[in-house]
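Novice: Just passing along the structure, written as structure tokens.
The values are calculated or read from the model by the stated rules, or taken from the named source; none is laboratory data. As the structure is a prediction and not an experimental result, all values here were calculated from the model. Here the Cβ positions follow ideal geometry from the backbone for every residue, glycine too, while neighbour counts run over all protein chains shown.
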Amino acid sequence: MARTVRGGWSSARWRWLAAVLVAGTVSCGSSPGTEADPAERYLDEVLTLIEQNHIHRSEVDWAAYRRQVRAAAAGATTLAALDPALQLAVDLLGDRHSAICRGHGTCLYQSSHGLGGWIGWSDPGALPAGVAYVRVQGNSATALSTRQLADQLQAAVRAQDRDGLVGWIVDLRQNGGGNMWPMLAGIGPVLGDGTAGSFVFPEGMTTPHLAPGASMAWSYSGGAAYFDGRPHTSVTVPYTLRAPARRIAVLQDGGTGSAGEAIAIAFIGRPNARSFGAATYGVSSANWSFSLSDGGVLQLLVALDRDRNGTTYGGSVAPDEQTAGPAETVAAAVTWLTTP
């Protein structure tokens, strides 16, 4: 959850739950009586996983898709030589969130894509005494455990909490994603207990442990982020705010992606919360990770984010109040928080 997947935009690649699916071997167009070569077998392995599990699998002409990818793989006799064809396989999906990370270390993401709104961060500087500030950053490139990440964020919340607060600023600008669970557990005291959103899977989803058309909720309670009613990531020592957050201003921009977008969505529908900035990057969705025979991973878009009110996303998340830039975002949030 997501893309812990959610190069280029590796921070927006979200691998939220590991799953292993062993695909059956298909002939891949081999001549009768011959066995497909390793490159053919591997290509078919990847394409079969994509066809069977991609969120838009019912909308794609898979025969045409395979023809285009196979044409790009013509003449490839080694697994490494398949990279251009696999890059095309990712590009043709057009979802901006799927990726193929090869066993030899190369990760293939969509080559070209637009962004959401403007991207920019500015130091909030000195804030009014009644305004607390916490920044939630992406965490895809870290050696810390999920608990350590959650502890760090909740420690930042603890350090900002004090008597007399009129509200909180939760800064998600340039949060490109990573693992959403330590973010959710860490910011939980400000967000509050209860269901904050869910992942919605399409009808006919056949991935193990998921019912067709399932909607699996994420929530926070007592220091832990929960997924589908089960604790996923917990802090070491849970913290409770001195007083429930009166108002919460969520800051976002075009660099808020994947897991960062999930946290932005977690505040949608929460009483007395309002977002400021620009439209997010546009991958408010979840990946499932499929192990590949070369030791790599297929990170495939399988579900969309849904807020607590039942609105489903998948693309950019617009702010409640559009602002002109980073400094204006902070100023607008402070004005709203401090206006009676």
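Novice: Please go through the range 126-184 and pick out each residue that is surrounded by fewer than 24 Cβ atoms within 10 Å (Cβ to Cβ), modelled with pLDDT of 95 or more, in a loop (DSSP other than H, G, I, E, B) and of a type in the set (Gly, Ala, Ser).
Specialist: Ala126, Ala129, Gly130, Ser145, Gly164
Novice: Among the residues of the range 271-289 satisfying the criterion of being surrounded by fewer than 24 Cβ atoms within 10 Å (Cβ to Cβ) and among the aliphatic types (A, V, I, L, M), which is nearest to Ser122 (Cα to Cα)?
Specialist: The qualifying residue nearest to Ser122 (Cα to Cα) is Ala279.
Novice: Now, a different point. Do you know which residues across the range 219-243 are assigned to a loop (DSSP other than H, G, I, E, B) and hydrophobic (A, V, I, L, M, F, W, C)? Don't jump to the end; show me each part of the working.
Specialist: Step one: filter the range 219-243 for residues assigned to a loop (DSSP other than H, G, I, E, B), giving 222-223, 228-229, 235-243.
Those that are assigned to a loop (DSSP other than H, G, I, E, B) and hydrophobic (A, V, I, L, M, F, W, C): Val235, Val237, Leu241, Ala243.
Novice: Further, regarding this structure: Inside the range 310-340, can you point out the residues that are of a type in the set (A, V, I, L, M, F, W, C) and either assigned to a loop (DSSP other than H, G, I, E, B) or at pLDDT below 95 (or both)?
Specialist: Those that are of a type in the set (A, V, I, L, M, F, W, C) and either assigned to a loop (DSSP other than H, G, I, E, B) or at pLDDT below 95 (or both): Val317, Ala318, Ala324.
Novice: Go through the range 217-230 and give me each residue that's more than 14 Å from Ala266 (Cβ to Cβ) and modelled with pLDDT under 95.
Specialist: Asp228, Gly229, Arg230
Novice: Could you list all residues from the range 271-309 that are outside any loop (DSSP other than H, G, I, E, B), over 18 Å from Gly167 (Cα atoms) and among the polar types (S, T, N, Q)?
Specialist: Correct list: Ser285, Asn287, Ser289, Ser291, Gln299.
Novice: Search the range 46-102 for residues being among the charged types (D, E, K, R) and not in a helix (DSSP H, G or I), and hand back the single one that is surrounded by the most Cβ atoms within 10 Å (Cβ to Cβ).
Specialist: Within the range 46-102, the match that is surrounded by the most Cβ atoms within 10 Å (Cβ to Cβ) is Arg96.
Novice: Same structure again: Within the range 309-324, can you find the residues that are touching a strand residue (DSSP E or B) at 6+ places or on another chain (Cβ under 6 Å) and more than 22 Å from Asp95 (Cβ to Cβ)? Even if it seems obvious, please write down each step before you answer.
Specialist: From the range 309-324, those touching a strand residue (DSSP E or B) at 6+ places or on another chain (Cβ under 6 Å) are 312-314, 319-321, 323; that's our starting set.
Scanning the range 309-324 gives Pro319, Asp320, Glu321, Thr323.
Novice: Please find, among Ile263, Ile268, the residue that is surrounded by fewer than 23 Cβ atoms within 10 Å (Cβ to Cβ) and within 30 Å of Val166 (Cβ to Cβ).
Specialist: Result: Ile268 is the single residue among Ile263, Ile268 that is surrounded by fewer than 23 Cβ atoms within 10 Å (Cβ to Cβ) and within 30 Å of Val166 (Cβ to Cβ).
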